[in-house]
Amino acid sequence: MRFVQYVLDALSLGSTFALAALGIALVFSLMRLINFAHGEIIVASAYALWYLRSEWELHWFLATIGTVSVGIAVALIMERLAFRPLRHAGPTMLLASSFAVSVTVQNFLILSIGDDFRSVASPSFITGTVTWGSLRLPKVSILALVVSVLFMTGLALFLRRTRLGQQMLASAEDFDMARLLGVRANGVIAAAFAISGLLAAVLALILVAQQGLIHIRMGLPPLLIAFVATVIGGIGSLPGAVAGGLILGGVVTALQVALPIGLLPFRDAFTYSIVIVILLVKPEGLFGSRTRESRV
Amino acid sequence: MKGRKSLRFHGLSYHLPLVVSLLVVLLVGLLGAAFAPLVLQRTVTSMMIAVVLAVGLYIFSGNSGILSFGHMSFMAVGAYVTSWLTIPANLKALFFSFPGPLDFLYTLNVPPWAGLLAGVFIAAVVGLVTGSILMRLSDIEASIATLSLLLIVNVVASNWQGVTQGQRTMVGVPQVVEIGNSMVCAILAILIAYLYQRSRSGQRLRASREDENAAAVLGVRVSLERLVAFTISAGVVGAGGVLYAHFSSGFSPNHFFLQRTFLIVAMVIVGGRHSLPGVVTGVFVITIVAEVLRKVEEGVVLFGVSINAPTGMGDVALGLFLLAVLVWRPEGIIGPAEIRWPSRNKGAAREVETN
């Protein structure tokens, strides 16, 4: 029974990791950009939620819609202002520029909002825990699991069943060829950013529901976890990002259980070491392809 | 890349990148020491420390083309090593609880220069060990792996209470760094970087930066050359950490984390990440921009109008500045090629444009 509990914990944790990783992987697959500023979209969405819930005292459903719109808007603005002019830069310079965007937006948020903690009350239907035999699960974790699975399924359906989704998949495969066949580069990249903004906002909602608190640096831990997850799964592979997130959920839960008390503060150091190990054993990640490597 | 003419002519023009870099550092250092008021002297000193850090990062990233986000780990190593060695013994007993094998540190007390040597050595060793793992990767994977290194070091430094004092501020390191000695270190760092990039290993690594596969086919053992550069650059960045420890009145793990990484990476990119004078230029430009912005935050009177920007505006502007450089001058202010006399520059410039 205890094992089942661990599996549930790992799944709930891993699904939120997967959500974060998907946002990063989607943009990377099209632009070769590892978006450091993804964390800032999460933070901006969280503050939007605080504003709508605590200041305007909106109904949670309206606040949710508002938060998601803000996430999408922030992602689109970033794409238009910062990343579109840099589209032809190499991956390294793109990474550096997303670092700059992240610092800029973060400090702008500190400037305009401050860096104190804000609290947001969750609606009553997601507080408390569900007990079933000896299993205990916070309702928030169940919500996180359900929402993550819903969004991942939705994304998969979108990519396979819609015209835009197909264009995005084709562009991720071979951007130049896709453009020759009439795919609009601006369109698919903007769509990828919009979806990544949507995923970031959903993640922000889950994080705020779990923690009840909003802070200017709350975007960093999920961002770093997402990096690790995308690398494990193979940078740019969407199934890989989901798998990487779930694996990390399992690893973090296992470390939490298995590490002696004295080493517990160092848990994240072990987690990050896993990236290096994976990169050494399989540099292309679990689901990555070697096609990016040019042939001699 | 190098024109045949300049290979034959080993005069001033051949060594121009070095000469220009050294002159800039010397000029700013001597002027600062002679004329600057006390507050500005500290700015000049921290500029010199930044030169050490940025040039250290350049030795690896500039020559290999792999941007490292992990080098501030070595800065942390340098800073902590020198604190273990130079903090007075009575304070040490108060602050630390070293594990068994490190017991000897309680009584050991060495002068700061010995702390510098030890810090450089240990940082280079850590660079060698971590590099032998990381340097098997290329491209963006290597960048992410170096970021993981930074995260690991930060987690360890923040939680290893007995040895690093965790999140608390480390105090008691003798404050001996001023313009003079930091300038000497900056000059040494530039010399090391220059000697390395003109060495066989450096040239091979630069060849692999241009085309990894072509270099490998021509017999360059890319990961080995990367490891050499990584180790040297870890040592130099470690020196920057030692200097920082003996300069700042106290430090904690967050001084060696993302913010510092951003600042140093920005310095390397803004000036021109593939050339030594470019990196030195980047350090000075960013320092000046940051200093001016700080002044504006404090409030200045310009043409009778009092300007007082809100605190934090400086960081926003710095980020925007870096973005602007990336968009409009992606190769940095100085550009991709090493500095030459203008007359010899035309061929090189055209070659770069067509690339």
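The values are calculated or read from the model by the stated rules, or taken from the named source; none is laboratory data. Everything quoted here is computed from the prediction, not taken from an experiment. Virtual Cβ from ideal backbone geometry, glycine too; neighbours counted across all protein chains shown. Remember, those area values only see protein heavy atoms, side chains included, never the ligands or the DNA or RNA. Shrake-Rupley method; radii C 1.70, N 1.55, O 1.52, S 1.80 Å.
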Quick one: what are the phi-derived ³J(HN,Hα) couplings along the range A:219-226, Karplus 6.51/-1.76/1.60 with θ = phi - 60°, whole Hz, x for glycine and proline?
-> x, 5, x, x, 5, 5, 4, 5
What spacing in nm lies between the two simple spin-label points modelled at A:Ile65 and A:Asp176, each 7 Å away from Cα in the Cβ direction?
-> 4.5
Could you run the Karplus curve 6.51 cos²θ - 1.76 cosθ + 1.60 with θ = phi - 60° over the range A:177-189 and give me ³J(HN,Hα) per residue in whole Hz, x for Gly and Pro?
-> 4, 4, 5, 4, 8, x, 7, 7, 4, 4, x, 5, 5
Mind ranking B:Val77, B:Val268 by accessible surface for me, highest first, 1.4 Å probe?
-> B:Val77, B:Val268
Amide H within-cut-off set for A:Arg184, under 5 Å, with H built and near neighbours excluded = none
Normalising by the residue count of chain A, find the relative contact order in percent from Cα pairs under 8 Å and 6+ residues apart.
-> 36
Please turn the phi angles of the range B:112-128 into ³J(HN,Hα) values with the Karplus equation 6.51 cos²θ - 1.76 cosθ + 1.60 (θ = phi - 60°), one per residue in order, whole Hz, x for glycine and proline.
-> x, 5, 5, x, 4, 4, 5, x, 4, 4, 5, 4, 5, 5, 4, x, 5
Inter-site label distance for A:His215 and B:Lys295 at 7 Å from Cα along Cβ, in nm = 3.6
Once you have a ≥ b ≥ c as the square roots of the Cα gyration tensor eigenvalues for the range A:176-248, tell me rounded if a/c is under 1.5, and otherwise prolate or oblate according to whether a/b is larger than b/c.
-> oblate
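Using the eigenvalues of the Cα gyration tensor, what equivalent ellipsoid semi-axes result for the range B:4-255 when each is taken as the square root of five times the eigenvalue, whole Å, largest first? Present the calculation step by step, with values, prior to reporting the outcome.
On the way: eigenvalues 210, 122, 37 Å².
One finds semi-axes of 32, 25, 14 Å for the range B:4-255.
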For B:Ser249, solvent-accessible area (1.4 Å; no DNA, RNA or ligand), Å² | 100
Indicate the gyration tensor shape class of the range A:168-296 (rounded, prolate or oblate), computed on the Cα atoms with a ≥ b ≥ c the square roots of the eigenvalues: a/c under 1.5 is rounded; otherwise a/b larger than b/c is prolate and the rest oblate.
-> oblate
Rounded to a whole number, what % of the accessible area of the range A:2-219 do carbon and sulfur atoms account for, probe 1.4 Å?
-> 64
Quantify, in whole percent, the carbon and sulfur part of the accessible surface of the range B:218-267 (1.4 Å probe; protein heavy atoms only).
-> 60
Interface burial for A against B (accessible surface, 1.4 Å probe, total of both chains, Å², rounded to 100) | 3600
Computed on Cα atoms, the radius of gyration and Dmax of the range B:121-184 in angstrom are 15.9, 41
Going by the alpha-carbon gyration tensor, a ≥ b ≥ c the square roots of its eigenvalues, is the protein assembly as shown rounded (a/c under 1.5) or, if a/c is not under 1.5, prolate (a/b greater than b/c) versus oblate?
-> prolate
Heavy-atom accessible area per residue of the protein assembly as shown, all protein chains kept, 1.4 Å probe, expressed in Å², is 44
Tell me which residues come under 5 Å, amide H to amide H, from B:Phe251 once H is placed; ignore anything under 5 positions away on its chain.
-> B:Met170
Considering Cα pairs under 8 angstrom that are at least six residues apart, work out the relative contact order of the range B:4-255 and quote it in whole percent.
-> 37
Name the aspartates and glutamates eligible as straight-distance cross-link partners of B:Lys92: C-alpha to C-alpha under 15 Å, and not fewer than 8 places from it in the same chain.
-> B:Asp103
Per-residue ellipticity at 222 nm attributable to helices in the protein assembly as shown (runs of n ≥ 4 DSSP H, -39500 (n - 2.57) apiece, nearest 500 deg cm²/dmol) works out to -23000 deg cm²/dmol
Cross-link partners among aspartates and glutamates for B:Lys295, C-alpha distance below 15 Å, same-chain residues fewer than 8 apart left out?
-> B:Asp315
Could you work out which residue, out of A:Ile216, A:Ile225, A:Ile276, moves most in a Gaussian network model of chain A, that is, has the largest mean-square fluctuation with Cα springs under 10 Å?
-> A:Ile276
